[in-house]
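Structure record follows, encoded as structure tokens.
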Amino acid sequence: DPMTTSGVRENGLIKISGVKSYVINCTVADFTAVAGTMENKPAIFIVGKGAKGLIPEKPLVTMGYDGLLVSGLTLHECRINEGDVLGPFKDKSTFDKLKMWENQIIIGGSLGMMKASFESAKSYAKTHRSGGKPIIAYQEVAFKLAEMLTLFQTSQLFAYRAAWAAEAESRESEVLTCCAKVFCTEAAEKVSGSALQILSGEGYISGNAAERAYRCAKYGQIAGTSTEISRVKIGDAAIGA
Ligand SMILES: Cc1cc2nc3c(=O)[nH]c(=O)nc-3n(C[C@H](O)[C@H](O)[C@H](O)COP(=O)(O)OP(=O)(O)OC[C@H]3O[C@@H](n4cnc5c(N)ncnc54)[C@H](O)[C@@H]3O)c2cc1C
């Protein structure tokens, strides 16, 4: 729970303590934004690299997103200036908004995975021959490509609608973003999985776009507002809770 990290005033500085399980690039970034509480209200602490008491762990080995460094992070009585605190905010709405934009970014990533997987599978299906013809000539392969393109195009439209609603600060934007995130991140897993099926043996070997997308796709369903919590929020909105 991010809110177990807390900051207290001490001798003109803010002293922060807490533990984070997964933090992207905290071993290399110049600054890390740490969510927590101060005076029992939500706050964000901006901590510079190398600050005393900021203890990043060794990067973890992840299933996907190979370029990212993900580590645990401990803050042990880490001190920062008061000017490096965003907040404390009166309620959770700032965090909710940040989470919504994080979800939008994850949606964008899913679109990229679908596009790269689709293009890779399409090009392979046109050029790879089996049984004397390019495999795209087999309906089972062409139908997979059709399904992939349909999912990708639908996801793209949904993503644009959610982004437009967020930009326009529509009241619907949080729930629309949850809907789009569930749809696009699940579609990314399906599309990259179908691409791998078309690429078959070649797809199973590391180093192609579909294989990378398939490994990364799950992250989108876990990170930000998880698929399960998104569905709870969508359900609550549907019944007007
Ligand atoms: C590679 C990677 C990088 C990350 N980077 C960062 C980062 O830089 N900064 C950061 O803050 N976080 C980061 N995270 C954390 C990420 O946001 C969390 O993993 C995610 O929010 C899920 O939390 P959890 O892993 O603790 O799972 P849990 O919250 O323990 O959830 C476990 C399961 O239970 C379900 N569940 C939990 N609560 C509910 C509920 N109320 N209703 C229904 N279902 C529920 C979840 O959906 C999930 O299926 C990263 C995670 C990964 C994997």
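The residue list Ile106, Ile80 contains one member that is surrounded by 13 or more Cβ atoms within 10 Å (Cβ to Cβ), under 23 Å from Glu167 (Cα atoms) and either near the ligand (Cβ under 10 Å from one of its atoms) or not polar (S, T, N, Q) (or both), which is Ile106. Every listed requirement among (1) free of Cβ contacts under 8 Å to residues at least 12 places away in the same chain; (2) of a type outside the set (D, E, K, R); (3) more than 16 Å from the ligand (Cβ to nearest atom) is met by Ala241 save one, (3). Determine whether Val28 is β-branched (Val, Ile, Thr), more than 12 Å from the ligand (Cβ to nearest atom) and open to solvent by less than 50 Å² (accessible area, probe 1.4 Å). So Val28 fails the test.
Checked against the criteria, Glu202 counts as in the same structural domain as Met113 (by TED's automatic domain parsing), at pLDDT below 95 and of a type in the set (Asp, Glu).
Do we have Ile46 as more than 13 Å from the ligand (Cβ to nearest atom) and either among the charged types (D, E, K, R) or touching a Phe, Trp or Tyr at 6+ places or on another chain (Cβ under 7 Å) (or both) here? Taking the combined requirement at face value, the residue satisfies it.
Only one residue in Ala159, Ala213, Ala188 is more than 16 Å from the ligand (Cβ to nearest atom), in contact (Cβ under 8 Å) with a residue 24 or more places away in the chain and surrounded by 19 or more Cβ atoms within 10 Å (Cβ to Cβ). Which one? Quick ask: steps written out before the conclusion?
Values: Ala213 fails: more than 16 Å from the ligand (Cβ to nearest atom); Ala188 fails: more than 16 Å from the ligand (Cβ to nearest atom).
Every option except Ala159 fails the conditions.
Being more than 16 Å from the ligand (Cβ to nearest atom) and either assigned to a helix (DSSP H, G or I) or outside the structural domain of Thr154 (by TED's automatic domain parsing) (or both) is a property that holds for Ala195.
Among the candidates Lys58, Lys20, Lys97, the residue that is in the same structural domain as Cys216 (by TED's automatic domain parsing) and either within 16 Å of the ligand (Cβ to nearest atom) or open to solvent by 80 Å² or more (accessible area, probe 1.4 Å) (or both) is uniquely Lys97.
Answer yes if at least one residue in the range 218-230 is open to solvent by 40 Å² or more (accessible area, probe 1.4 Å), away from the ligand (no atom under 15 Å from the Cβ) and on the phi < 0 side of the Ramachandran plot, and no otherwise. Taking every residue of the range 218-230 in turn, none turns out to be open to solvent by 40 Å² or more (accessible area, probe 1.4 Å), away from the ligand (no atom under 15 Å from the Cβ) and on the phi < 0 side of the Ramachandran plot.
Ala51 fulfils the conditions (1) of a type outside the set (Ser, Thr, Tyr); (2) within 15 Å of the ligand (Cβ to nearest atom); (3) not assigned by TED's automatic domain parsing to the domain that holds Thr154 except for a single criterion, (2).
The values are calculated or read from the model by the stated rules, or taken from the named source; none is laboratory data. Everything numeric here is computed off the predicted structure, so don't read it as measured data. Here Cβ is always computed from backbone atoms with ideal geometry, including for glycine, and neighbour counts include all displayed protein chains. Surface areas here come from the heavy atoms of the whole protein model, side chains and all, with no ligands, DNA or RNA. Shrake-Rupley method; radii C 1.70, N 1.55, O 1.52, S 1.80 Å.
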